[in-house]
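Chemist: One structure, pasted below without further comment.
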Amino acid sequence: MLWPPPPANPDQAAEVTDADLERLYDYPPDLDRPWVQVNFVAGADGAVTVAGKSGGLGNPADREVFALGRDLADVVLVGAGTALIEGYRGVRAEDVRQDLRARLGLSPVPPIAVVTARCSLEPTSPLITDTAARPIVLTTSAAPAERRDALSAAGADVVVAGDERVDVPTALAALDERGLRRVDCEGGPTLFGALIAADLVDALCLTVAPLLAGGDAGRIATGPLPPAPRDLELASVLRHGSALLLRYRRAGA
């Protein structure tokens with residue numbers, strides 16, 4: 001499906017309503033397991049960053065869809081490296097649409113779940129101190145106990161989900177135990193790669209920016225090869241100027 005359809009007059013943009021966006025990006029009803037929707041932006045040459053950050057690739061429509069991802073989610077899942085580079089803090093009440101979340105029966109604010117094998121997040125991080133929802137730290141038994149204890153003392157819900165590496169099925173099971181099944185994954189590439197390898201990606205929201213970034217920018221996923229490539233189906237296409245906002249779903253789902 002192409003959405004919005006090309007206008008008869010190229011100078012006139014077709015209107016996409018909030019209800020349209022919600023319909024396109026919402027999660028399936030009555031979930032009985034964590035359902036992972038991954039959000040990324042990349043240049044036309046596949047670059048995932050400009051000068052080390054993804055922000056240089058975005059546009060107003062992409063940022064609106066990014067915000068909607070949080071509006072619709074039970075939890076925001078992100079790797080510690082991405083959170084540090086992009087300057088993450090916790091989600092505040094004013095960051096999300098309270099009316100939409102109330103209508104969907106969601107909590108007022110989604111917590112952020114940070115994946116960090118070495119428990120490298122500082123207790124003074126804005127992810128811990130500047131948030132309206134208790135953050136979740138998904139880490140390993142190999143992480144220093146004093147770091148885990150310090151984050152717990154600072155108010156984080158610290159979950160051991162693996163030995164040397166965070167095991168993403170175990171991490172998602174921990175989110176499921178907390179009733180957090182609508183999972184909005186915001187990267188980074190290593191976490192996305194781990195989710196692909198474990199066949200845990202249900203949808204990918206990918207903005208293709210009309211930029212050739214070049215340089216040494218990476219790709220949106222990196223990590224171990226899965227047994228076979230994961231098939232996707234194109235669910236929707238949005239166009240904002242020369243940028244494309246694509247949404248893919250697991251094939252056959």
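The values are calculated or read from the model by the stated rules, or taken from the named source; none is laboratory data. It should be emphasised that the depicted structure is a prediction, and the values quoted were computed from it without experimental measurement. A quick note on method: Cβ atoms are made from the backbone with ideal geometry, for glycine too, and the neighbour counts reach across all protein chains shown. The area values use the complete protein model at the heavy-atom level, side chains included, leaving out ligands, DNA and RNA. Shrake-Rupley method; radii C 1.70, N 1.55, O 1.52, S 1.80 Å.
Chemist: Name the pairs: first residue in the range 127-147 and outside any helix (DSSP H, G or I), second residue crowded, with 16+ Cβ neighbours inside 10 Å and among the polar types (S, T, N, Q), Cβ to Cβ under 6 Å, at least 6 apart or on different chains?
Modeler: 139/116
Chemist: Ok, one more. Condition first: within 14 Å of residue 86 (Cβ to Cβ) and out of contact with any Leu (no Cβ under 9 Å at 6 or more places or on another chain). Now tell me which residues in the range 107-129 satisfy that.
Modeler: If the condition is that a residue be within 14 Å of residue 86 (Cβ to Cβ) and out of contact with any Leu (no Cβ under 9 Å at 6 or more places or on another chain), then 126 is the only one that fits.
Quick grid of which residues meet (1) in a loop (DSSP other than H, G, I, E, B); (2) of a type outside the set (Ser, Thr, Tyr); (3) surrounded by fewer than 17 Cβ atoms within 10 Å (Cβ to Cβ):
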residue: 179; (1), (2), (3): yes, yes, yes
residue: 187; (1), (2), (3): yes, yes, no
residue: 196; (1), (2), (3): no, yes, no
residue: 201; (1), (2), (3): yes, yes, no
residue: 207; (1), (2), (3): no, no, no
residue: 214; (1), (2), (3): yes, yes, yes
residue: 219; (1), (2), (3): yes, yes, yes
residue: 222; (1), (2), (3): yes, no, yes
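Chemist: How many residues does the range 23-38 hold that are under 14 Å from residue 235 (Cβ atoms) and of a type outside the set (Val, Ile, Thr)?
Modeler: Of the residues in the range 23-38, the ones under 14 Å from residue 235 (Cβ atoms) are 23-28, 35, 37-38.
Restricting the remaining residues to those that are of a type outside the set (Val, Ile, Thr) gives 23-28, 35, 37.
Adding up the residues that qualify gives 8.
Chemist: Consider the range 55-101. How many of its residues are among the polar types (S, T, N, Q), open to solvent by 40 Å² or more (accessible area, probe 1.4 Å) and in contact (Cβ under 8 Å) with a residue 12 or more places away in the chain? Break it down stepwise before answering.
Modeler: Taking the range 55-101 as the starting set, the residues that turn out to be among the polar types (S, T, N, Q) are 59, 82, 98.
With the extra rule that they be open to solvent by 40 Å² or more (accessible area, probe 1.4 Å), the set shrinks to 98.
Next, from what is left, pick out any that are in contact (Cβ under 8 Å) with a residue 12 or more places away in the chain: none.
Residues flagged as among the polar types (S, T, N, Q), open to solvent by 40 Å² or more (accessible area, probe 1.4 Å) and in contact (Cβ under 8 Å) with a residue 12 or more places away in the chain within the range 55-101 amount to 0.
Chemist: Residues in the range 169-187: is at least one farther than 25 Å from residue 74 by Cβ and touching a residue at least 12 places away in the same chain (Cβ under 8 Å)? Outline the logic, then answer.
Modeler: To start, the set of residues in the range 169-187 that are farther than 25 Å from residue 74 by Cβ comprises none.
No, the range 169-187 has no match at all.
Chemist: Moving on. Can you confirm whether the range 233-240 contains a residue that is assigned to a helix (DSSP H, G or I), open to solvent by less than 20 Å² (accessible area, probe 1.4 Å), of a type in the set (Gly, Ala, Ser) and in contact (Cβ under 8 Å) with a residue 24 or more places away in the chain? Lay out the reasoning, then the answer.
Modeler: Keep residues of the range 233-240 that are assigned to a helix (DSSP H, G or I), which gives none.
No, there is no match, as no residue in the range 233-240 is assigned to a helix (DSSP H, G or I), open to solvent by less than 20 Å² (accessible area, probe 1.4 Å), of a type in the set (Gly, Ala, Ser) and in contact (Cβ under 8 Å) with a residue 24 or more places away in the chain.
Chemist: Scan the range 134-143 and give yes if some residue there is among the aliphatic types (A, V, I, L, M), modelled with pLDDT under 95, buried (at least 21 other Cβ atoms within 10 Å of the Cβ) and under 20 Å from the mean Cα position of the chain (by Cα), otherwise no. So that I can check it myself, show each step before the final result.
Modeler: Initial filter on the range 134-143 (among the aliphatic types (A, V, I, L, M)): 136-138, 142-143.
Those left that are additionally modelled with pLDDT under 95: none.
Within the range 134-143 (the criterion being among the aliphatic types (A, V, I, L, M), modelled with pLDDT under 95, buried (at least 21 other Cβ atoms within 10 Å of the Cβ) and under 20 Å from the mean Cα position of the chain (by Cα)), the answer is no, since none of the residues qualifies.
Chemist: Let me ask you something else. Tell me, please, whether a residue that is in contact (Cβ under 8 Å) with a residue 60 or more places away in the chain, over 24 Å from residue 195 (Cα atoms) and part of a loop (DSSP other than H, G, I, E, B) can be found in the range 106-126. Give the steps one after another, and end with the answer.
Modeler: Pass one, the range 106-126, residues in contact (Cβ under 8 Å) with a residue 60 or more places away in the chain: 106, 110-111, 113, 115.
From the residues that got through so far, the ones that are over 24 Å from residue 195 (Cα atoms) too are 106.
Of the ones still in play, those that are also part of a loop (DSSP other than H, G, I, E, B) are 106.
Yes, the range 106-126 contains at least one residue that is in contact (Cβ under 8 Å) with a residue 60 or more places away in the chain, over 24 Å from residue 195 (Cα atoms) and part of a loop (DSSP other than H, G, I, E, B).
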